[in-house]
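Peer 1: Take a look at the following structure, please.
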Amino acid sequence: MTRVIHTGDTHIGYQQYNSPERRTDFLSAFRAVTEDASDDDVDAVIHAGDLFHDRRPGLVDLQGTIDVLRSLDQSGIPFLAIVGNHETKRDAQWLDLFADLGLATRLGRDPVVVDDVAFYGLDYVPESRRDALTYDFAPVPDEASSTALVAHGLFEPFAHATWDTEAVLDESSVDFDAVLLGDNHAPGTETVTDTWVTYCGSTERASAAERDARGYNLVSFEDDVSIRRRAISGTREFVFVDVELAADEGADRVRERLSQHDVDGAVVIVTIEGDGEPISPAPIEEYALDRGALVARANDRRDLPDEADELQVSFADPDAAVTDRLRDLDLSPGALTIDATVRDDTVADSTVRETVERRVRDALHADGLDFTEHPSIGGADVEDSSSPTEGDDTEGDSPQEPTPAATSEHADSPNERDHDGDNPSTSAETPAAAESDDGVETADDSVDGERADETAVSSDIEPAGGISEDRDAAPEREPDSDVDTDGEPDRVAAAEEEVDSDDGGSGDDSQVSIGDFA
């Protein structure tokens with residue numbers, strides 16, 4: 001009998017709720033799985049993708065993962081894995097690095113035999129490119145009596161499915177006894193055309209929707225396939241406080257319910273429903289933190305009336321408002337004449353000054369006063385007021401020396417695709433501008449409805465062994481697959497994370513061979 005641990009969606013490096021402790025929790029959960037593997041002396045640990053939460057994990061996450069894999073290797077237990085959508089890179093994968101270090105094996109079209117079970121791998125493939133897939137795997141070795149496919153994606157008949165499991169099994173060149181899946185954080189087991197299909201679930205809660213205990217599958221291959229669920233001990237406690245408020249209840253009732261729970265060191269999720277008074281989340285979260293919670297989130301699910309809807313806004317007549325203001329200023333008749341002229345719609349803007357001076361002159365003559373004409377009206381020579389005078393700190397419009405064009409410099413970054421372009425000279429006297437690198441930056445996912453999660457998936461990935469396809473096909477962008485929780489977006493991340501990949505899709509005539517995935 002061959003016994004393996006089927007795990008996945010470890011999301012190492014995820015700093016959930018911006019908490020460094022939560023980032024450590026995800027690595028600790030992965031370590032707990034491998035320690036169980038050593039204690040139980042299983043034949044292999046099978047990882048179904050999303051080892052990392054991000055395609056650019058931090059150094060501390062890489063070091064921690066290598067340390068865990070080294071301990072597993074020292075126990076004589078092989079680590080077999082595929083690439084998920086969160087960690088997918090355009091070129092070499094992190095899993096390839098671990099394979100080069102002798103700490104992991106990347107599954108693909110060629111079987112990896114553990115005892116008498118042949119394991120094959122199918123990395124995540126964007127939905128837009130799946131129609132071109134041909135599930136052509138290498139033949140099953142004679143020494144293997146059972147076969148299993150390890151894959152990453154949302155497969156039928158589970159929730160949010162985008163991948164036809166029955167079609168995969170029917171079109172595959174190998175008759176699989178089990179399909180071990182990752183991507184959906186909710187564990188589950190079904191049968192499709194007499195084949196066991198199972199999700200192991202995530203090893204830590206990547207969203208508040210994941211209320212059930214986290215764990216993994218213990219899969220046994222003998223005459224038949226046996227799948228048992230096992231919980232992971234020692235994961236961070238989540239305390240879910242659901243409060244249904246009556247019409248006359250408010251924040252005091254929520255605090256009362258919170259006080260009934262031991263929240264020390266826990267992630268506290270408060271959900272408010274029902275009627276009752278409007279409640280600000282901040283005081284509730286602060287109350288939980290004061291009681292020792294690591295993280296606190298209060299979510300008010302009630303559909304309360306918006307006070308802004310009841311606000312009546314009216315606008316005063318602008319002309320009437322100006323008239324009232326002028327009355328308050330108690331202006332002279334001449335000033336009122338000027339104001340009336342400036343606001344007179346029948347006076348062209350280009351003649352306002354002349355009209356004002358004419359009306360003021362007429363008013364003064366009517367009063368028997370002299371009017372001195374402005375030099376610009378009478379055509380007299382006018383001193384250039386823009387010329388600098390002694391004691392004037394401002395510069396005039398005197399000719400200046402040509403200024404060389406500035407050089408635009410953009411620092412290179414791993415998230416940018418560099419384009420070299422020339423900035424042409426704008427005048428004969430100006431030297432040509434230096435070349436500038438225009439960095440084009442694309443935005444990323446995130447996971448957790450917290451960015452989401454949710455990260456985009458590159459269809460330029462080179463799955464194990466490479467994808468054979470028509471590289472001249474018109475590219476298309478594959479959107480993020482944000483759902484890899486119990487229906488909740490998991491990239492909180494989202495907003496939180498950049499994507500450095502382009503999903504180069506295939507044209508109608510292109511074909512991607514699953515046989516090249518090894």
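Peer 1: For the stretch 125-139, just list the computed ³J(HN,Hα) in residue order, Karplus coefficients 6.51, -1.76 and 1.60, θ = phi - 60°, integers in Hz, with x standing in for Gly and Pro.
Peer 2: For the stretch 125-139, the Karplus-derived couplings read 10, x, 4, 5, 10, 6, 5, 8, 6, 10, 7, 9, 9, 5, x Hz, x marking Gly and Pro.
Peer 1: Another one. Once you place label points 7 Å from the Cα toward the Cβ at E156 and Q74, how far apart are they in nm?
Peer 2: Distance between the two pseudo-spin positions: 4.8 nm.
Peer 1: Could you order peptides 118-125, 77-84 by the average number of other Cβ atoms within 10 Å of their residues, highest first? Display every interim value, and only then the final one.
Peer 2: Details: 118-125: 27.1, 77-84: 24.8.
My ranking of the peptides, most packed first, is 118-125, 77-84.
Peer 1: Next question, about the same structure. From the backbone phi of the stretch 249-263, what are the Karplus-calculated ³J(HN,Hα) couplings (6.51 cos²θ - 1.76 cosθ + 1.60, θ = phi - 60°) in whole Hz, Gly and Pro given as x?
Peer 2: Taking θ as phi minus 60°, the curve returns 9, x, 4, 4, 5, 5, 5, 4, 5, 4, 5, 7, 10, 8, 10 Hz for the stretch 249-263.
Peer 1: Does the stretch 2-231 come out rounded, prolate or oblate by the C-alpha gyration tensor, with a ≥ b ≥ c the root eigenvalues, rounded set by a/c under 1.5 and, if not, prolate when a/b is larger than b/c and oblate if not?
Peer 2: Rounded shape, in that the Cα axes give a/c under 1.5.
Peer 1: Right, another one. What does the highest-first list of 10-20, 134-144 look like by mean Cβ count within 10 Å?
Peer 2: Result, highest mean first: 10-20, 134-144.
Peer 1: When DSSP assigns beta bridges and you keep just the ones with both residues in the stretch 2-231, what percent turn out antiparallel, to the nearest 5?
Peer 2: Given both bridge residues lie in the stretch 2-231, the antiparallel proportion sits at roughly 45 percent.
None of the figures in this text is laboratory data; all of them are computed from the coordinates on show. This one's a predicted model, so the numbers in the text were calculated from it and none came from an experiment. Note: ideal-geometry Cβ built from the backbone for every residue, glycine included; neighbour counts use all protein chains shown.
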